[in-house]
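What follows draws every value from the coordinates through simple rules; no lab data is involved. Computed from a predicted structure; not experimentally measured. Cβ: placed from backbone, ideal geometry, glycine included. Neighbour counts: every protein chain shown.
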Amino acid sequence: MTRDEFSNYDAAYVLGALSPQDRHAYEQHLRECPDCTDAVGKLAGMPGLLARVPLTDLLVDDADHEPPETLLPELVHRVNRLRRRRLRAAIAGAVLTTAAAVAAILVAFTPHSSTSPAPPRAASMQQLDQAFMSVSAQLVKRSWGTQIDLKCSYHTSKKYRPSDYTLVVFDKHGKAHEIASWKSVPGQVSTVNGSTALQKTAIARLDVRNSDGDPILRLTL
């Protein structure tokens with residue numbers, strides 16, 4: 001396949017809008033195409049930015065209304081600015097060790113298996129406060145950062161009312177990064193997808209917060 005067949009896949013991939021077949025094909029393509037890998041990296045922070053936009057700001061009365069041409073460039077500019085800040089923080093706190101260098105060399109010279117590696121197992125988040133749901137989290141390493149998928153099971157109770165939740169990622173320096181938000185649906189199971197430019201090894205923990213901003217579920221890595 002040529003690169004042209006995937007030239008418009010980057011945003012849909014980051015936002016989780018590709019079908020399983022297209023997603024698999026695109027991930028195979030990313031291994032061989034530095035241009036597409038760079039494009040995905042530039043958009044990795046976009047889900048977190050979009051999650052901060054109130055739903056009412058996205059709704060318009062005019063069916064023929066078109067988004068401004070400056071919308072995507074502005075979002076990309078903000079993503080790049082956030083990535084530069086995170087890069088400076090990572091460089092300031094990073095210390096290269098001999099063990100890490102040896103591990104990198106061993107990985108580079110290890111023959112690649114023709115069998116695709118098994119996906120990482122989902123881990124259950126610990127309840128910190130009364131929560132009417134159970135959440136399992138799966139962290140998937142990507143070339144542009146980390147993909148985080150939540151499976152949320154909502155309990156049925158007369159005391160429970162639908163509520164808003166946010167997923168917050170904390171890096172090793174204790175800095176919080178809000179990457180997803182959603183509304184619960186009592187009695188049902190929903191999947192929440194988020195992404196961050198942080199590598200999996202740079203993530204310290206995940207918190208699910210309620211509408212008051214209080215953490216109710218946590219996963220420490």
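Observations, loosely collected:
- Counting only strands (runs of 3 or more DSSP E) that fall entirely inside the stretch 120-215 and contain at least 3 residues that are more than 19 Å from residue 47 (Cβ to Cβ) and of a type outside the set (Phe, Trp, Tyr), the qualifying elements are 133-142.
- Filter result for the condition that a residue is touching a His at 6+ places or on another chain (Cβ under 9 Å) and either of a type outside the set (Asp, Glu) or more than 30 Å from residue 38 (Cα to Cα) (or both), over 169, 208: 169
- Filtering the stretch 143-186 to residues that are touching a Pro at 6+ places or on another chain (Cβ under 9 Å), crowded, with 19+ Cβ neighbours inside 10 Å and more than 22 Å from residue 17 (Cα to Cα) leaves only 154.
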